[in-house]
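Heads up, the thing below is written out as structure tokens.
Where a number appears in this text, it was derived from the coordinates with a stated rule and is not lab data. Note that the coordinates shown come from a computational prediction; the quantities given were computed from them, not determined experimentally. Don't worry about glycine lacking a Cβ; one is built from the backbone with ideal geometry, like all the others, and counts go over all protein chains shown.
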Amino acid sequence: MDNVNVIAAPAVDAALLLSGRFQRPLSFGLDQLSRYESVLATPFDLRCYTTNRFIRSVEPYRGVRLTTLITEAGLPNSVPGKFKRTVFVAVGHDGYVVTFSWHELFNTPVGENVLVAYECGGRALTPEDGAPILFSGSDILPAPRHVKRLARIEAHVLGPLA
Ligand SMILES: Nc1nc2c(c(=O)[nH]1)N[C@H]1C(S)=C(S)[C@@H](COP(=O)(O)O)O[C@H]1N2
Ligand SMILES: [Mo]
């Protein structure tokens with residue numbers, strides 16, 4: 001039991017893991033994220049889905065598209081067409097979970113605005129600010145898929161229930 005605190009501490013500060021059914025599981029630090037092609041988001045109002053509560057206005061985020069990171073890690077390819085059954089589960093350091101489907105990210109305009117952000121209003125975001133922040137800029141109510149302290153993207157390949 002002596003190790004409990006050590007195990008519970010964040011493993012590497014602000015490191016993002018891509019794990020599960022990727023061809024190459026990868027890990028990215030904040031500095032590594034900024035080496036990819038970046039996208040500047042449109043400012044938006046953060047509003048909760050459950051309560052419709054206005055949280056705050058958000059200045060333009062800069063980040064890398066989630067599809068760019070997923071492509072880097074490689075979609076599952078063991079069976080032809082299998083990648084289209086992939087669901088991506090994004091997990092925050094606190095265990096908060098949201099989902100994205102392959103179709104949504106790669107085959108609808110929604111995916112173009114799903115970013116892993118490391119800058120806001122021209123200023124670098126620190127882990128204390130919540131970096132890296134995953135958000136889906138096309139969502140009607142953006143707060144639920146605005147994940148602070150993103151820790152992991154898991155790839156799951158779904159099939160029909162047996
Ligand atoms: N990591 C993490 N991100 C999260 C959540 C959470 O519980 N954990 N809750 C989401 C929801 S439902 C809301 S309404 C907003 C709340 O934002 P706030 O904590 O800045 O008020 O964060 C979103 N992002
Ligand atoms: Mo919420």
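A simple rule links phi to the HN-Hα coupling: the Karplus curve 6.51 cos²θ - 1.76 cosθ + 1.60 with θ = phi - 60°, which for the range 141-157 gives 10, x, 4, x, 9, 10, 9, 7, 6, 4, 10, 8, 10, 9, 9, 10, 9 Hz, with x for Gly and Pro. Placing a label point 7 Å from the Cα of Tyr36 along the Cα-to-Cβ direction, the residues of the range 75-102 whose backbone N falls under 16 Å from that point are 75-76, 88-91, 100-102. Other residues with beta-carbon under 15 Å from the beta-carbon of His156 carry, at +1 per Lys or Arg and -1 per Asp or Glu, a net charge of +3. In this simple spin-label approximation, Thr126 and Ile140 carry label points 7 Å from Cα along the Cα→Cβ vector, and these lie 3.8 nm apart.
Remark: the range 77-83, residue by residue, has Karplus-estimated 3J(HN,Hα) of 9, 5, 10, x, x, 4, 4 Hz, where x stands for each Gly or Pro and the curve is 6.51 cos²θ - 1.76 cosθ + 1.60 at θ = phi - 60°. Label-to-label distance for Val79 and Ser19 is 2.5 nm, based on points extended 7 Å past Cα in the beta-carbon direction.
If you plug the beta carbon distance of His156 and Glu112 into 1/(1 + (r/R0)^6) with R0 = 30 Å, you get a FRET efficiency near 0.85. Backbone phi angles across the range 30-36, fed through the Karplus curve with coefficients 6.51, -1.76 and 1.60 (θ = phi - 60°), yield HN-Hα couplings of 4, 5, 5, 4, 6, 7, 8 Hz in residue order; Gly and Pro are listed as x.
Counting every pair of alpha carbons in the range 8-157, the share spaced more than 29 Å apart comes to 12 percent.
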